[in-house]
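What follows is a single structure, written as structure tokens, with notes after it.
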Amino acid sequence: MEASYYKQKGESVIVNVYLLPASSKDEIVGAYGEYLKIKVKSAPVDNKANENLIKFLAKILKVSIGQIEIIKGYQSKRKIVCIKNINENNFRAIVNK
């Protein structure tokens, strides 16, 4: 069953992210309604939390930083993130660990 916080669009996965900056560690918390809740250590200052989110997702999904783009919500906790060249089965397997 597909979670409501992501969808496959072509060769990309679009993810609704609820970001919790200034946390004790970088981690995926899990589903949070229509969002995937993710904690990052960086504070939401000078785009640091957004950069931390992109680096964290790239690391756990084993993709390059260039494959991840925040397409909406740069200044919000609620973001829409596009992860290019990944299929939803791979995404789901990694996120649901």
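The values are calculated or read from the model by the stated rules, or taken from the named source; none is laboratory data. Note that this is a predicted model, so its numbers are computed, not measured. Cβ coordinates were reconstructed from backbone atoms using ideal geometry, including for glycine residues, and neighbour counts include every protein chain displayed.
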### Message
Just to be sure I understand the filter: pairs with C-beta atoms under 9 Å, separated by 6 or more residues or on different chains, first member in the stretch 71-97 and touching a residue at least 60 places away in the same chain (Cβ under 8 Å), second member assigned to a strand (DSSP E or B) and of a type in the set (Lys, Arg). Which pairs pass?
### Response
ARG78/LYS72; LYS79/LYS72; ILE80/LYS72; VAL81/LYS72; CYS82/LYS9; GLU88/LYS7
### Query
For the stretch 1-33, which residues satisfy the criterion of being more than 16 Å from ARG92 (Cβ to Cβ), acidic (Asp, Glu) and outside any strand (DSSP E or B)?
ASP26
### Message
For the structure I just gave you, tell me whether PRO44 is modelled with pLDDT under 95, farther than 19 Å from LYS97 by Cα and out of contact with any Asp or Glu (no Cβ under 8 Å at 6 or more places or on another chain).
### Response
yes
### Task
Scan the stretch 29-44 residue by residue and report those that are closer than 13 Å to TYR5 by Cα and in contact with a helix residue (DSSP H, G or I) (Cβ under 9 Å, 6 or more places away or on another chain).
GLY30, LEU36, ILE38
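For the stretch 32-51, name all the residues that are of a type in the set (A, V, I, L, M) and crowded, with 17+ Cβ neighbours inside 10 Å. I'd like the intermediate steps shown before the answer.
Taking the stretch 32-51 as the starting set, the residues that turn out to be of a type in the set (A, V, I, L, M) are 36, 38, 40, 43, 45, 49.
If the condition is that a residue be of a type in the set (A, V, I, L, M) and crowded, with 17+ Cβ neighbours inside 10 Å, then LEU36, ILE38, VAL40, ALA49 are the ones that fit.
Out of the stretch 71-97, which residues are within 12 Å of LEU19 (Cβ to Cβ), of a type in the set (Lys, Arg) and more than 11 Å from the chain's Cα centre (by Cα)?
Pass one, the stretch 71-97, residues within 12 Å of LEU19 (Cβ to Cβ): 73-81.
If we keep only those that are of a type in the set (Lys, Arg) as well, we get 77-79.
Hit for the stretch 71-97 is LYS77, nothing else.
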### Boolean, LYS62 is closer than 18 Å to SER12 by Cβ and touching an Asp or Glu at 6+ places or on another chain (Cβ under 8 Å)
no
### Query
Restricting the stretch 17-28 to residues that are more than 19 Å from TYR5 (Cβ to Cβ) and of a type outside the set (D, E, K, R), which is surrounded by the fewest Cβ atoms within 10 Å (Cβ to Cβ)?
SER24
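Hey, can you tell me all the residues within the stretch 36-70 that are among the hydrophobic types (A, V, I, L, M, F, W, C) and without any contact (Cβ under 8 Å) to a residue 12 or more places away in the chain?
Taking the stretch 36-70 first, the residues among the hydrophobic types (A, V, I, L, M, F, W, C) are 36, 38, 40, 43, 45, 49, 53-54, 56-58, 60-61, 63, 65, 68, 70.
VAL45, ALA58, ILE65, listed by residue number.
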